[in-house]
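J.: Let me give you the structure first, and then I'll get to my questions.
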Amino acid sequence: MSSRGAVNGKIWYTCAMNTASQSQTSEQLETCSSHPVGRALRLLGDMWTLMIVFTLLTGTKRFGELLEAMGNVSPKTVSNRLKMLEEIGFVQRQAYAEIPPRVEYRLTEKGFALVDIMEAIKHFGERYLADVEPIAPDTPDASPPYH
């Protein structure tokens, strides 16, 4: 699991989980931000970011369609992740001058570069986690929702 933080209003994740007996050194944090694997894991380590990408793999979606497809997530969380994905060039936002306003989201070429990773995650889940019971959100071992 990764810890999250905000830098300049953007949501980013550190490489390692902070526990009472373990804290990150500045060297570990620098490695996370400078190493290609660390940078990729900071992006891909967030469930809601991955769910947005996975949902957009099937085509352009409006905000409400994303919310519906993703299930139990706050609109603020989806909005924050979409803004971050747009800022780093993975998602394109198209606003139409209509009444009522219409906004659509689609993956860019950079976003579609994640298709193999998403397929690998899906295959892994189907193969190795199909029989695993999900942890209920109210149990102590469950990770907190990212809002």
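J.: Could you check, for region 108-118, whether at least one of its residues is free of Cβ contacts under 8 Å to residues at least 40 places away in the same chain, outside any loop (DSSP other than H, G, I, E, B) and hydrophobic (A, V, I, L, M, F, W, C)?
T.: no
J.: Please pick out the residue among Gly59, Gly71, Gly89 that is surrounded by fewer than 11 Cβ atoms within 10 Å (Cβ to Cβ) and in contact with a helix residue (DSSP H, G or I) (Cβ under 9 Å, 6 or more places away or on another chain).
T.: Gly71
J.: I would also like to ask the following. If I filter region 33-56 for residues that are farther than 21 Å from Ile121 by Cβ, modelled with pLDDT under 95 and of a type in the set (S, T, N, Q), do I get at least one hit?
T.: Looking through region 33-56, at least one residue is farther than 21 Å from Ile121 by Cβ, modelled with pLDDT under 95 and of a type in the set (S, T, N, Q).
J.: Tally time: how many residues in region 59-106 are in contact with a Phe, Trp or Tyr (Cβ under 6 Å, 6 or more places away or on another chain) and among the hydroxyl-bearing types (Ser, Thr, Tyr)?
T.: 1
J.: Take the residues in region 60-82 that are under 17 Å from Gly45 (Cα atoms) and in a helix (DSSP H, G or I), then tell me which one is modelled with the lowest pLDDT.
T.: Applying the filter and picking the extreme gives Met70.
J.: Select from region 47-92 the residues that are among the β-branched types (Val, Ile, Thr) and more than 18 Å from Glu104 (Cβ to Cβ) and list them in ascending order.
T.: Within region 47-92, Thr49, Val73, Thr77, Ile88 qualify.
The values are calculated or read from the model by the stated rules, or taken from the named source; none is laboratory data. It should be emphasised that the depicted structure is a prediction, and the values quoted were computed from it without experimental measurement. Note that we place each Cβ from the backbone using ideal geometry, even for glycine, and neighbour counts take in every protein chain shown.
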